[in-house]
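Just below is one structure, and these are the notes that go with it.
The values are calculated or read from the model by the stated rules, or taken from the named source; none is laboratory data. Fair warning: this is a prediction, and the values are worked out from it, not measured in the lab. In this analysis, Cβ positions are derived from the backbone assuming ideal geometry, glycine residues included, and neighbour counts consider all displayed protein chains. What goes into the accessible areas is simple: the full protein's heavy atoms, side chains included, and nothing from ligands, DNA or RNA. Shrake-Rupley method; radii C 1.70, N 1.55, O 1.52, S 1.80 Å.
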Amino acid sequence: MSASDAVAPPSEATIPLVRPWLSGRENEYVAAVLASGRLSGDGPFGARCAALLTALTGSPCALLTGSGTDALEMAFLVLDLQPGDEVIMPSFTFASTANAVALRGAVPVFVDIREDTLNLDETLVEAALTPRTRALLPVHYAGVACDMDGLAAIASKHNLAIVEDAAHAIGATWRGRALGGIGRIGAFSFHQTKNVAAGEAGAILINDPALVASAEEVWEKGTNRRRFHRGETDHYDWMRLGSSYLVSEVVAAILLAQIEMLDQINALRLRLWQRYHRKFEALESGGRIRRPIVPPPCGHNAHIYYLLAEDRSERDRIIAALGRRGITAAFHYMPLHSSPAGQRYCRAPFPLDVTDRQSARLLRLPIFAGMSESQCDRVIEAVTAALR
Ligand SMILES: *Cc1c(COP(=O)(O)O)cnc(C)c1O
């Protein structure tokens, strides 16, 4: 039985928002792991995943983690972020981006996003810096790159680390460079809702060679066990604060099959993305919606197709109309600065008007590698009808 046989074909009747595409060698690799008896982390399947990720990004070191959340948490242990330190990030993101900083007793500082890409507005970052600012944490929303030139200039001028939340962005680029491989550290997510899906998994990319030894220790419970396994020391010790961020070989096996299909997955998604984009052009010029904007330096990976409606009530009305036709659309993110934990742990030095306005207007449409063109056309038809 092949992996694709094991997964029921998506029903034409209802269209989910996302669905993993398990059409590669997942079953074969998982069976090989189980037969080998080598189940714990840092094994041969994990090594093959890491090799593909370093080749993709040019990073000297990729470590698989239990989730994208783990990768972000790990990043700030590796950077030794201290209580009271500050990290600049958007409020328009998932909770994990801010948790990673707040868990260290440090302060997420929210800066507004750009109208076009919904990414951190690099022109507003400098005004939010204080003597406690240690890092910038840009999120490449929908797999469309932040302005990495602008952010890198600020980071080098003020001696700040850049940690890329590249949870959406595997296979996407900025001026031809792979996202996740540009900052000092990058984080990928392989949650089942992401382009490359292993259930719950992630990876941290340690792009600064000076941080690799520390990162390996943080990853292995704060010990130098990895050096011991390489025969570089005759025992291993507790060296620093760390945790268990490794993933089992069973998960690495699924992940390997998925990463091997990265180009195929992203190509299938891009075709659907472009189909939406073409067909919604008329609605945009009619002034009813706004389509995503991808600046020329960005090579995106079609992680999300979203529309911006006129306002919140129009957005909610479209989502409800799609729901009645069996199509799952969704909105996100509830801006973190308005959330209970955001108010408790974070700071927003300036108003976040673009964040508030765009997040209230945004709806996500179904997109996944196994989605058919006729399903895509049904969604287009339903959106068009809802706006009539
Ligand atoms: C999915 C996601 C994460 C967390 O990844 P998990 O693998 O689900 O832990 C972090 N940041 C962003 C922007 C995400 O979309």
If you go through region 206-214 one residue at a time, do you hit one that is under 12 Å from S59 (Cα atoms) and within 12 Å of the chain's Cα centre (by Cα)?
-> no
Single condition A203 does not satisfy, out of (1) outside any strand (DSSP E or B); (2) in contact (Cβ under 8 Å) with a residue 60 or more places away in the chain = (1)
Could you count how many residues in region 268-309 are loosely packed, with under 14 Cβ neighbours inside 10 Å and more than 18 Å from D377 (Cα to Cα)?
-> 5
Flagged pairs (Cβ under 9 angstrom, 6 or more apart or on separate chains; first in region 231-249, farther than 28 Å from A198 by Cβ and outside the structural domain of T65 (by TED's automatic domain parsing); second assigned to a loop (DSSP other than H, G, I, E, B) and open to solvent by 70 Å² or more (accessible area, probe 1.4 Å)) are none
Applying the selection to region 284-329, what residues are of a type in the set (K, R) and in a helix (DSSP H, G or I)?
-> R312, R315, R317, R324
Cβ pairs under 8 Å, 6+ apart, first in region 131-142 and over 21 Å from Y333 (Cβ atoms), second part of a helix (DSSP H, G or I) and more than 10 Å from the ligand (Cβ to nearest atom) = T133/H158
If you take the residues of region 15-36 that are of a type in the set (S, T, N, Q) and at pLDDT 95 or above, which of them is farthest from V196 (Cα to Cα)?
-> S36
Read through the list (1) open to solvent by less than 10 Å² (accessible area, probe 1.4 Å); (2) within 16 Å of the ligand (Cβ to nearest atom), then give the number of the only condition that V109 fails.
-> (2)
The one condition A142 fails out of (1) within 25 Å of Q343 (Cα to Cα); (2) touching a Pro at 6+ places or on another chain (Cβ under 7 Å); (3) among the aliphatic types (A, V, I, L, M) is (1)
Counted residues, region 54-102 - those being without any contact (Cβ under 8 Å) to a residue 12 or more places away in the chain and either within 14 Å of the ligand (Cβ to nearest atom) or in a strand (DSSP E or B) (or both) = 0
Sole exception among (1) open to solvent by less than 10 Å² (accessible area, probe 1.4 Å); (2) away from the ligand (no atom under 15 Å from the Cβ); (3) touching a Phe, Trp or Tyr at 6+ places or on another chain (Cβ under 8 Å) for A127, by number = (1)
Scanning region 159-206 for residues that are open to solvent by 30 Å² or more (accessible area, probe 1.4 Å) and more than 14 Å from the ligand (Cβ to nearest atom), which turns out farthest from R25 (Cα to Cα)?
-> N159
